[in-house]
1. Assess whether Lys216 counts as being in a loop (DSSP other than H, G, I, E, B), under 17 Å from Val98 (Cα atoms) and touching a residue at least 60 places away in the same chain (Cβ under 8 Å).
2. Among the strands (runs of 3 or more DSSP E) lying completely within the stretch 35-135, list those that include at least 3 residues that are modelled with pLDDT of 95 or more and either more than 21 Å from the chain's Cα centre (by Cα) or not aromatic (Phe, Trp, Tyr) (or both).
3. Which of the residues spanning the stretch 155-196 are over 22 Å from Val96 (Cα atoms), in a strand (DSSP E or B), touching a residue at least 24 places away in the same chain (Cβ under 8 Å) and open to solvent by 70 Å² or more (accessible area, probe 1.4 Å)?
4. Do we have any residue at all in the stretch 197-212 that's over 11 Å from the mean Cα position of the chain (by Cα), assigned to a strand (DSSP E or B) and over 28 Å from Ser92 (Cβ atoms)?
5. How many of the residues in the stretch 107-141 are of a type in the set (Val, Ile, Thr), open to solvent by less than 20 Å² (accessible area, probe 1.4 Å) and more than 18 Å from Glu230 (Cα to Cα)?
6. Could you list all residues from the stretch 138-154 that are without any contact (Cβ under 8 Å) to a residue 60 or more places away in the chain and of a type outside the set (A, V, I, L, M)?
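The values are calculated or read from the model by the stated rules, or taken from the named source; none is laboratory data. Note that the structure is a prediction, hence the values are computed from the model and not measured. Counting neighbours? That spans all protein chains shown, and the Cβs are built from the backbone with ideal geometry, glycine included. SASA here: full protein model, heavy atoms, side chains in, ligands and nucleic acids out. Shrake-Rupley method; radii C 1.70, N 1.55, O 1.52, S 1.80 Å.
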Amino acid sequence: MPKRFLFFPSLLLVAYLFSACAGNSPQKPAAQLPPPTRKIDPVTTGSVAGKIVLQGAPPAAKPIDMSAEPFCANRNTTPVLPQQVVTGDAGSLANVVVYVKDFPADYIVDPAPSMATLTQRGCMYDPHTIALRSGQTLEIKNDDQATHNILAMPSQNPKWNRSETPGAAPIEEAFAIPEMAIPLRCNVHPWMKSYVFVFSHPYYAVTGKDGQFELKNLPPGTYTIEAWQEKYGAQESTVTIGPKEKKPLNFAFSAASGVGN
């Protein structure tokens, strides 16, 4: 066979491989920050502490219909309400993530704890909102006698979808890149929803039903503090902390200004 006929398919093969490689080439990695060098003097650190409240009556919540899953319906002896807005005494607001929005990247901070735990219990996520550090292991347990499916939908980190049967070993995942409000869903039980926050530093808190928070061991400086709530969006305030100073800071969300669904 003449050589020109052998050469032609070779060209096609090269073109195909080039096209395939070009179409699947990985994204360029983000620019790496220089390693932190500034030490935090524990003798001078201060804190920011306060309370988050909801002004006005919270929206009426309709009990979740779990009848499609007999185990879930039988496991909960009282009606289960959605966790989008959870209040305590005097309008205190739970599941609010409060954090330093602009903490300097050149500070050396304490290493992350080894693990944070999210539990599927009664066919709900506990806690509803969880915060952890970048690279920290997120352990997901299944305390139910029902199969759950955890779908994570981040925008900056890789997406993942894991199934967890009753009695299975906990799922372990991690998010390398800091990211806000990563939604978790269960494809089997659509009412199961949670949010994961990932931070590069330890200056964050998630409020309980008392609405209280405290950001400890902050070096002196001026910071933007943000408070995020699933339905009511985010608010921020600027505070300046002197050496050993404990700064009060409160946030109030209006029940009439919900931005969520």
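1. Criteria not met by Lys216.
2. Numbers: elements: 46-55, 97-100, 115-121, 124-126, 129-133.
Here the list reads 46-55, 97-100, 115-121, 129-133.
3. Asn161, Glu172
4. no
5. The total comes to 2.
6. Glu139, Lys141, Asn142, Asp143, Thr147, His148, Asn149, Pro154
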